[in-house]
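Input: a single structure, listed below in structure tokens.
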Amino acid sequence: MMLKIVIMGPAGSGKGTMSDLIADNYPVKHISTGNMFREEIRNNTELGQKANSYITQGKLVPDDVTVAMVKNRLSQEDCKDGYLLDGFPRSLVQAEAIKDLGINVVINLKIDENLLVDRIVYRRMCEDCKAIYNIKLNPLKDEEHCEVCGGKLYQRSDDTYEKLMVRLESYTEETQPVVDYYRKRGVVYDVDAGQSIEDVYKQIDQILTKIMEEKSI
Ligand SMILES: [Zn+2]
């Protein structure tokens with residue numbers, strides 16, 4: 001059966017890593033809407049121009065433009081065996097608009113808020129070699145300097161507690177209705193994203209293997 005997956009999870013839940021692992025092991029093309037926008041704009045397509053006109057004005061790209069872009073992308077050759085949508089649908093309107101696609105798996109990455117705070121607020125990056133550290137989860141002898149190259153460590157301006165809370169709140173507000181919508185349709189699979197990368201992927205792998213087995217009989 002053809003897997004049509006939506007992956008959902010807040011920043012810091014490991015969504016990008018899991019998407020890559022799924023795409024490496026299952027016949028699905030990973031479609032990140034953020035990358036898709038950049039690609040359409042770079043290629044200067046009609047939809048890309050339309051989207052760009054909103055972005056340059058600092059406005060949100062309207063649902064109909066985003067939906068058209070996603071549908072157009074999914075109709076391409078590399079998506080014919082299956083796909084995984086990342087960053088879409090973000091609203092009930094968008095979910096309704098792609099009803100005809102028949103999304104059959106929604107991976108819902110759930111993570112405890114305190115753990116998310118630990119993962120993000122204590123993250124530090126090296127100015128020079130871009131190495132990433134976490135001074136709480138993997139304490140350093142010297143919290144100011146990179147263990148690899150000695151460069152200065154800094155905190156990204158988005159990684160503060162206050163900004164994380166704002167992001168989390170808007171994520172929940174935005175996506176909860178989408179999760180509820182798909183849950184009613186019986187396609188949501190909750191995954192505990194608070195574990196190691198291996199263990200989170202193991203859960204996803206079991207879910208997808210089971211679905212493939214059941215549906216192919
Ligand atoms: Zn460094």
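The values are calculated or read from the model by the stated rules, or taken from the named source; none is laboratory data. All values derive from a computational prediction rather than experimental measurement. Heads up, the Cβs are rebuilt from the backbone with ideal geometry, glycines too, and the neighbour counts pull from every protein chain shown. Accessible surface areas use protein heavy atoms only, side chains included; no ligands, DNA or RNA. Shrake-Rupley method; radii C 1.70, N 1.55, O 1.52, S 1.80 Å.
Would you list the strands (runs of 3 or more DSSP E) that sit entirely within the range 3-109 and hold 3 or more residues that are crowded, with 20+ Cβ neighbours inside 10 Å?
Correct list: 3-8, 82-86.
For residue 143, state whether it is exposed (fewer than 13 other Cβ atoms within 10 Å of the Cβ), over 29 Å from residue 110 (Cα atoms) and away from the ligand (no atom under 12 Å from the Cβ). Give the derivation first.
On the way: exposed (fewer than 13 other Cβ atoms within 10 Å of the Cβ): yes; over 29 Å from residue 110 (Cα atoms): yes; away from the ligand (no atom under 12 Å from the Cβ): yes.
Here the answer is yes, as residue 143 does meet what is asked.
Only one residue in 169, 113, 77 is within 30 Å of residue 60 (Cα to Cα), charged (D, E, K, R) and at pLDDT 95 or above. Which one?
On the way: 169 fails: at pLDDT 95 or above; 113 fails: at pLDDT 95 or above.
Just a single option satisfies the conditions, and that option is 77.
Quick check on my filter: what residues within the range 74-113 are of a type in the set (Gly, Ala, Ser) and in contact (Cβ under 8 Å) with a residue 60 or more places away in the chain? Step through it out loud before you land on a result.
Residues of the range 74-113 that are of a type in the set (Gly, Ala, Ser), as a first pass: 75, 82, 87, 91, 95, 97, 102.
Across the range 74-113, the qualifying residues are 82, 91, 95, 102.
Does the range 116-130 contain any residue that is more than 16 Å from the ligand (Cβ to nearest atom), among the charged types (D, E, K, R) and under 18 Å from the mean Cα position of the chain (by Cα)?
Keep residues of the range 116-130 that are more than 16 Å from the ligand (Cβ to nearest atom), which gives 116-122.
Next cut, among the charged types (D, E, K, R) only: 118-119.
From the residues that got through so far, the ones that are under 18 Å from the mean Cα position of the chain (by Cα) too are 119.
Among the residues of the range 116-130, at least one is more than 16 Å from the ligand (Cβ to nearest atom), among the charged types (D, E, K, R) and under 18 Å from the mean Cα position of the chain (by Cα), which makes the answer yes.
Within the range 148-161, count every residue that is among the charged types (D, E, K, R), closer than 26 Å to residue 194 by Cβ and at pLDDT 95 or above.
Residues of the range 148-161 that are among the charged types (D, E, K, R), as a first pass: 152, 156, 158-159.
When the remaining residues are screened for being closer than 26 Å to residue 194 by Cβ, the result is 156, 158-159.
Cutting the leftovers down to at pLDDT 95 or above gives us none.
So the answer is 0.
Any residue in the range 159-181 that is open to solvent by less than 20 Å² (accessible area, probe 1.4 Å), assigned to a helix (DSSP H, G or I) and of a type in the set (Asp, Glu)?
yes
Right, residue 48: closer than 21 Å to residue 171 by Cβ and either at pLDDT below 90 or in contact with a helix residue (DSSP H, G or I) (Cβ under 8 Å, 6 or more places away or on another chain) (or both) or not? Write out each step before concluding.
Values: closer than 21 Å to residue 171 by Cβ: no; either at pLDDT below 90 or in contact with a helix residue (DSSP H, G or I) (Cβ under 8 Å, 6 or more places away or on another chain) (or both): yes.
Judged against the criteria, residue 48 is not a match.
For the structure I just gave you, tell me whether residue 106 is among the β-branched types (Val, Ile, Thr) and out of contact with any strand residue (DSSP E or B) (no Cβ under 9 Å at 6 or more places or on another chain). Walk me through it before giving the result.
Working: among the β-branched types (Val, Ile, Thr): yes; out of contact with any strand residue (DSSP E or B) (no Cβ under 9 Å at 6 or more places or on another chain): no.
Considered against the rule, which asks whether it is among the β-branched types (Val, Ile, Thr) and out of contact with any strand residue (DSSP E or B) (no Cβ under 9 Å at 6 or more places or on another chain), residue 106 comes out as no.
Could you grab me the full set of residues in the range 146-158 that are more than 9 Å from the ligand (Cβ to nearest atom), in contact (Cβ under 8 Å) with a residue 12 or more places away in the chain and outside any loop (DSSP other than H, G, I, E, B)?
Hit for the range 146-158 is 154, nothing else.
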